[in-house]
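The values are calculated or read from the model by the stated rules, or taken from the named source; none is laboratory data. Given the structure is predicted, the values throughout are model-derived calculations rather than measurements. Heads up, the Cβs are rebuilt from the backbone with ideal geometry, glycines too, and the neighbour counts pull from every protein chain shown. Surface accessibility is based on the protein's heavy atoms, side chains included, excluding ligands, DNA and RNA. Shrake-Rupley method; radii C 1.70, N 1.55, O 1.52, S 1.80 Å.
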Amino acid sequence: MKRTVFLFVFFHFWVNGVLLAQNGAQDLFNTKCGICHTIGKGKLVGPDLAGVQDRHPQEWLLNFVRSSQKMIASGDSAALALFEQNNKVVMPDPMISDAEIESVLAYILENSAAGAGAVAYTSIIDGATPEDFENGRQLFEGRVRFANAGPSCITCHNGLAKTFFNDNSFSVKDLSTSFANLGEQGVRAILENPPFPVMKQAFTGKNLTEAEVHDLLVFLKKSGGSGAQAKMPSGLLLFGLLGAGALVLLYSALWYSRKSRSVNHGIYKRQIKSLN
Amino acid sequence: MDVRAQISMIFHLDKCIGCHTCSIACKNIWTDRKGAEYMWWNNVETKPGTGYPTKWEDQDIYQGGWEKKNGTIGLRGAGKKKGLLNIFHNPNLPVIDDYYEPFTYKYLDLIESPAMDDQPTARPVSLITGKPIDIKMGPNWDDDLSGTPDYARKDPNLHDLSPVEQEAMFQLERMAFFYLPRICNHCLNPACVAGCPSGAIYKRGEDGVVLINQKVCRAWRMCVTACPYKKSYYNWHTGKSEKCILCYPRLEAGYAPACMHSCVGRIRYLGVILYDADRIESTANTDTGNLVDKQLDLLLDPFDPGVIEAAKENGIPDSTIKAAQYSPSYKFIKEWGLALPLHPEFRTLPMLFYVPPLLPVMASLSHQDTAQGEKMDPIAKFWNDNWLYDTSTEDLWGTIEQARFPLKYMANLFSAGDEEKIKTVLKKLWAVRIHRRNVTVGDIAPEKVERALREAGLDAPTADAIYKLTSLAKFDERFVIPPAHREQAIEMLEFTGDTKGSIGFGFKEKAERGL
């Protein structure tokens, strides 16, 4: 009897444990990684993780997931290369334990073979109208509130009109090149399920509706344009220099008779000269 | 007619010996304080020279005073529009080097020095920074240095003189100078009052003393720019501007201002003058040629019954009117026509008048090397070994017309360039001398004396009166100070009955009979 109870309990925990572990890894992947990554379904914000164990050693993967930014800061060549390849989008630290990371990595390995074959993404904003763009603008600028009371984009983001004065290629706050860098799929993934800690916090329980995501995508695509850097107009530097020179001359002429030094300057100068 | 009273001063330049006692008296009483060390409310300058602050008369540099444009006058470098445009950076201010960096010596080093091989020295230290400095300038740095290229030859009053005339002035044999003591002119049309954006400066009603209210002053320093005489100074320690107050606490007590009281040469006179305030604007706006005449016209005859009546209507006390009748200023300015304002062309209508100095006597020569002389300018005089130094002249006014200073120079100082006015005054002064020589020595032909007085527009009693007030005047004749009537002023502010009976002896503890 005792044994039966023991076996029962053991089996119960074993089954639960294994299943829970498996379920946990999947949940973790979906909430922590799946927003930017797929397993065998192509690139979103970050690279497709199918077969990632073939590309990097396990130890490296552990370190990278733990904190990719530390790896980049330490100058790890593989990490740097990934950072460059993916438009310098910072991968947020997942803030999970090493055991959990290992379980997620195991989950990825398990599913690498199953999920092979990229699925083509179909755009949801092809038939967008100017009204959609206008709605997106209103939502972005906070003139219209999000249905679920999430904070407006403009609370943290700016820089939609790209000028040559505003030349940060991609900052956390500047969205002017986001669409060009991440593509519709990537931006959409972020909007639907924000991966960044602050943004995630802000939108917990305040998810954007489908229509809102659609309008924002239309707006971001159009206003962000191609993301091409605006070039400084040729001759501007020359114009600036000449203009500054002209102003100096103008004010020199205007204030020519202004008293600029002591009346006794000449006498003092001579006195100082005679001291030496 | 709006009759008002003004304390007016006369400085008799022939009597000034350039001792700077006035400056020291003023410094000791008023400006021996932190932030005020560089100020000399009273200073004495050597003319020809650049003065203090250097070249103060050159309004192209300092932009002071009024200028006439399109028929009306406006402040040159201050005022509403210019003042507002420059309120945070006034470009025309004199800097400390235009005055001088005040200094003292570390005298204690002399006393506390240990025994050494060499004598200890007292190093000069700046009164601004407290650090040792090399002294570069003082408030009377050019004292007695007339003729030097750095000072005398840069005198702004030389601007109308030809290079030949200037050169002749500075020939070693002809060189001469005189002293020009200066205080605030307490002008009738003060530029400092007009320039102040805070309205801190005012002209006292009862005696016309111009004062800066230290509580209202906001240190814009527009008065420093506006005053063409540069007699308003900025105190860097208190952050307020200050100027000569004509020792009004002394005046109110019946004392002469300290500079006047201490004057060794007794060159200074002070008295009340009645003037017509209605005509100030038209006078200040008049053409440069008429400025002096119109300014003197402003001053009213204190014996005229109409003037007395109007003065009483305006609340001027009888004592002030009486003081005006005895005023030495009125005599010098109006009765005798001997005193002229300094730089009337600044249009501030200054109320300090100067009796111009009788120019130094030029010697004539009994023999000249004509061959050499012809090579030189007509004004330059060639001296050779056969000279006889002779200061007498056959021509009555020869010394005036062939003066060592060109009349133009004096005219630039005292009459806005009108040489005739200077000549008139100098003739009078000279006639008085001839008359008095006749009285005391008697070696001049009576006809010559008579002619001199006639041509100068004087008679013998007037000449005697001029001589008496110039040379023999006692304290009470030089300073006729009207009672200030503070008792009336205080009753306007508070009821003196409130404190009646509250002074005198009292008891701290109640007095009790017995032990």
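For the structure I just gave you, tell me whether B:Met169 is crowded, with 20+ Cβ neighbours inside 10 Å and of a type in the set (A, V, I, L, M).
So B:Met169 passes the test.
Could you list, in sequence order, the residues of the stretch B:451-499 that are touching a helix residue (DSSP H, G or I) at 6+ places or on another chain (Cβ under 9 Å), surrounded by 10 or more Cβ atoms within 10 Å (Cβ to Cβ) and of a type in the set (Asp, Glu)?
Result: B:Glu455, B:Asp459, B:Asp464, B:Glu477.
Can you name the condition, by its number, that A:Ser178 falls short on among (1) open to solvent by less than 60 Å² (accessible area, probe 1.4 Å); (2) in contact with a Ser or Thr (Cβ under 9 Å, 6 or more places away or on another chain); (3) at pLDDT below 80; (4) of a type outside the set (Asp, Glu)?
(2)
Would you list the helices (runs of 4 or more DSSP H) that sit entirely within the stretch B:100-204 and hold 3 or more residues that are under 29 Å from B:Asn90 (Cβ atoms) and away from chain A (no Cβ under 14 Å)?
Ranges flagged: B:191-195.
Look through the stretch A:113-157, keep the residues that are hydroxyl-bearing (Ser, Thr, Tyr) and farther than 30 Å from A:Leu49 by Cα, and return whichever of them is modelled with the lowest pLDDT.
Residue satisfying both the conditions and the ranking: A:Thr155.
Are any residues in the stretch A:51-86 crowded, with 18+ Cβ neighbours inside 10 Å and closer than 25 Å to A:Ser178 by Cα, and if so, which ones?
A:Phe64, A:Val65, A:Ser68, A:Met71, A:Ile72, A:Ala79, A:Leu82, A:Phe83, A:Asn86
With a cut-off of at least 2 residues that are surrounded by 23 or more Cβ atoms within 10 Å (Cβ to Cβ) and away from every other protein chain (no Cβ under 14 Å), name the strands (runs of 3 or more DSSP E) lying wholly within the stretch B:2-73. Break it down into steps so the answer makes sense when it comes.
On the way: elements: B:3-12, B:43-47, B:66-69.
In the stretch B:2-73, the matching strands (runs of 3 or more DSSP E) lie at B:3-12, B:43-47.
One residue is enough: does the stretch B:227-246 have a residue meeting the conditions open to solvent by 50 Å² or more (accessible area, probe 1.4 Å), charged (D, E, K, R), more than 30 Å from B:Arg153 (Cβ to Cβ) and modelled with pLDDT of 95 or more?
Scanning the stretch B:227-246 turns up no residue that is open to solvent by 50 Å² or more (accessible area, probe 1.4 Å), charged (D, E, K, R), more than 30 Å from B:Arg153 (Cβ to Cβ) and modelled with pLDDT of 95 or more.
In the stretch A:50-65, how many are outside any helix (DSSP H, G or I) and farther than 17 Å from A:Ile39 by Cβ? Full working, then the answer.
If we filter the stretch A:50-65 for residues that are outside any helix (DSSP H, G or I), which is where we start, we get A:50-51, A:56-57.
Applying the additional criterion that residues be farther than 17 Å from A:Ile39 by Cβ yields A:57.
Count: 1.
Just a yes or no: is a residue in the stretch B:202-222 in contact with a Leu (Cβ under 7 Å, 6 or more places away or on another chain), within 30 Å of B:Ile128 (Cα to Cα) and at pLDDT below 95?
yes
Looking only at the stretch B:488-513, which residues are part of a helix (DSSP H, G or I) and of a type in the set (Val, Ile, Thr)?
B:Ile490, B:Thr496, B:Thr499
Among the residues of the stretch A:87-105 satisfying the criterion of being of a type in the set (A, V, I, L, M, F, W, C) and within 15 Å of A:Pro195 (Cα to Cα), which is surrounded by the most Cβ atoms within 10 Å (Cβ to Cβ)?
Looking at the filtered set, the residue picked out is A:Met91.
Filter the stretch B:74-99 down to residues that are open to solvent by 90 Å² or more (accessible area, probe 1.4 Å), away from every other protein chain (no Cβ under 14 Å) and not in a loop (DSSP other than H, G, I, E, B), then give me how many there are.
3
Can you find, within the stretch A:242-262, the residue that is nearest to B:Ile135 (Cα to Cα) among those that are open to solvent by less than 40 Å² (accessible area, probe 1.4 Å) and at the interface with chain B (Cβ under 8 Å from one of its Cβ atoms)?
Among residues in the stretch A:242-262 that are open to solvent by less than 40 Å² (accessible area, probe 1.4 Å) and at the interface with chain B (Cβ under 8 Å from one of its Cβ atoms), the one nearest to B:Ile135 (Cα to Cα) is A:Ser262.
Every residue, every condition in (1) over 30 Å from B:Met1 (Cα atoms); (2) under 17 Å from the mean Cα position of the chain (by Cα); (3) part of a helix (DSSP H, G or I); (4) not polar (S, T, N, Q), yes or no:
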| site | (1), (2), (3), (4) |
| --- | --- |
| B:Arg250 | yes, no, yes, yes |
| B:Tyr255 | yes, no, no, yes |
| B:Gly265 | yes, yes, no, yes |
| B:Val272 | no, yes, no, yes |
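Residue pairs, Cβ under 7 Å, 6 or more apart or interchain, first in the stretch B:95-107 and closer than 12 Å to B:Ile133 by Cβ, second in a strand (DSSP E or B). List them.
B:Glu101/B:Ser126; B:Phe103/B:Pro124; B:Phe103/B:Val125; B:Phe103/B:Ser126; B:Thr104/B:Val125; B:Tyr105/B:Pro124; B:Lys106/B:Val125
Test B:Arg451 against the stated conditions and say whether it is touching a Phe, Trp or Tyr at 6+ places or on another chain (Cβ under 8 Å) and on the phi < 0 side of the Ramachandran plot.
no
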